[in-house]
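The values are calculated or read from the model by the stated rules, or taken from the named source; none is laboratory data. These figures come from a predicted structure and were not determined experimentally. Note that each Cβ is placed from the backbone with ideal geometry, even for glycine, and that neighbours are counted across all protein chains shown. Accessible surface areas use protein heavy atoms only, side chains included; no ligands, DNA or RNA. Shrake-Rupley method; radii C 1.70, N 1.55, O 1.52, S 1.80 Å.
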Amino acid sequence: STMRKRQAVDSPHTSSDLSEGKEKLRLKQEVGLISGVSLIAGTMIGSGIFMSPEWVLHHMGSPASSLLIWAACGLLATFGALSYAELGTIIKESGGEYIYILRIFGSFPAFLFAYTSVILVRPAGLAAVCLSFAEYAVAPFYPGCSSPPVVIKCTAAACILLLTIINCLNVRLATSIMNIFTAAKLLALLVIVVGGLVLLAKGQTQSFQNAFQNTTAGIGAVGVAFYQGLWSYDGWNNLNYVTEELKKPEVTLPRAVMIAIPLVTCLYLLVNVSYLAAMTPAELLSSGAVAVTWGDKVLGSWAWLISLAVALSTFGSSNGTFFSGGRVCYIAAREGHMPDILSMAHVRCLTPSPALLFTSAMSLIMIISGNFTSIVNFFSFVAWLFYGMTISGLLYLKIKKPELPRSYKVPIVIPIIVLVTAVYLVLAPIIDQPQIEILYIVLFVFSGIILYFPLVRFKCHPRFLQRVTLHLQLFLEVAPTTRDAN
């Protein structure tokens with residue numbers, strides 16, 4: 001069978017062994033605490049904090065309420081990540097939501113998640129961030145005018161191809177790049193924070209006078225503002241996608257979450273305060289790129305540093321998204337929900353190169369017709385639909401199976417808050433301002449039923465797939481892997 005579920009268990013202390021004459025490969029455990037913090041923070045700090053503030057302010061109507069949204073988004077991301085940390089210590093397997101839904105709810109909903117994530121959500125998110133990177137990277141070459149769309153898309157495609165090469169070659173190389181770019185983007189955000197504090201010290205506080213004036217109270221507007229803010233926090237769950245590659249996951253996972261997300265939340269709040277110190281709400285709303293406008297006002301001739309920082313930030317975020325997104329495809333294939341070739345690893349590099357190549361190909365397709373602004377709301381809609389399902393699975397385990405061994409426990413009130421918020425974020429925009437695009441997304445999710453029953457449930461696989469798999473296996477120099485059950 002070209003699609004099958006693997007249940008072999010390998011020793012956690014070796015990268016390969018010999019069993020029944022066959023060599024079993026496993027991805028290396030090379031992600032420590034620093035790399036874990038970098039993966040979370042580095043993926044979260046992407047294009048969002050440089051592009052979303054004006055949209056949060058637009059939907060909320062006032063500076064103070066927009067800051068409350070940013071703080072609430074950070075708190076929600078922290079609660080969600082802490083809930084996921086407990087799941088990660090119960091189910092010590094890579095794959096994030098996919099593996100949790102599979103182990104708790106079964107094959108069918110897990111397949112729908114994998115199908116939606118691998119084909120649509122992850123590639124679209126990666127394409128959006130790479131397009132954002134491209135816009136800032138080529139902007140200095142076209143001063144005074146907008147960059148040609150063809151140049152932007154070609155640059156974004158080159159970014160994806162470079163990330164593919166890096167991630168296929170070596171896990172340590174990919175995590176080292178994450179660490180370097182995370183440090184660079186933290187430095188850039190600190191420059192904005194310090195600049196804002198200097199402006200406040202000089203008395204530029206006009207944006208904070210009558211700060212709640214014109215606040216919007218509609219549930220739909222608040223929900224959409226949450227979507228825009230949460231886009232900037234997206235990545236809080238990324239470490240759960242690589243659990244099998246963590247060193248001491250029962251310790252590293254909770255610690256990395258508790259360090260990374262509060263750090264990012266504080267930075268985001270201070271950066272937004274800095275934006276509002278440099279610009280009036282009206283100026284912020286009219287800015288096409290908030291960070292660049294801030295740089296022009298505060299840094300003067302050094303404003304080019306902000307464009308460079310945004311380009312570095314989005315490239316680092318793209319790397320983190322690609323690193324974790326390829327793992328979803330790899331784990332789903334290993335469990336029999338994707339073609340078997342995608343569950344294999346390179347025999348020398350020990351990276352899931354077929355899954356990474358597939359994710360890269362899907363992202364390149366998205367770039368052809370994609371643009372940044374059209375993705376965020378619909379990406380968030382699908383994401384929080386499955387986040388809510390995953391959190392409900394944790395509540396089920398806490399109530400029905402409290403005896404399961406776990407090294408970390410989150411208070412039950414925290415996942416309850418996350419679940420209620422997820423339901424609100426999914427339903428509020430539909431009730432307040434229904435859009436036909438959301439119906440299209442729901443139809444796409446359930447179109448997976450057409451594939452699930454013949455290919456997964458009844459295993460009706462065309463015979464030529466096995467021959468194709470063997471040829472690809474030889475061409476890509478990959479071999480089947482085993483699950484690290486820790």
- prompt: Label-point separation (nm) for Ala183 and Phe458, each offset 7 Å from Cα along Cα-to-Cβ?
  reply: 5.7 nm
field: Candidate values (i) 1.00; (ii) 1.02; (iii) 0.97, label of the one derived for Rg/Rh (Cα atoms, Kirkwood Rh)
entry: (iii)
- request: On the protein heavy atoms, probe 1.4 angstrom, tell me the percent of accessible surface of the chain carried by carbon and sulfur.
  value: 68 percent
task: Taking every pair of Cα atoms in the range 154-234, average 1/r, invert it to obtain the Kirkwood radius, and report Rg/Rh to two decimals.
output: 1.16
field: Over the range 254-336, volume per residue of the alpha carbon convex hull, in Å³
entry: 131 Å³
message: Given a 1.4 Å probe and heavy atoms of the protein chains only, how would you sort Met258, Met366, largest accessible area at the top?
response: Met258, Met366
- request: Report the full-extension gain for the segment Ile165 to Thr216: residue separation times 0.36 nm, less the Cα-Cα distance, to one decimal in nm.
  value: 13.7 nm
task: State the number of lysine pairs found in the range 33-450 whose Cα atoms come within less than 28 Å, restricting to pairs 8 or more positions apart or on distinct chains.
output: 22
- line: the chain accessible area per residue, 1.4 Å probe, protein heavy atoms, integer Å², reads 40 Å²
field: Cβ-Cβ FRET estimate between Ala71 and Val423, R0 fixed at 25 Å, reported to 0.05
entry: 0.75
statement: With the dipole of the chain defined by +1 on each Lys or Arg Cβ and -1 on each Asp or Glu Cβ, the option from Trp294, Gln466, Pro429 whose Cα lies farthest towards the positive pole is Gln466
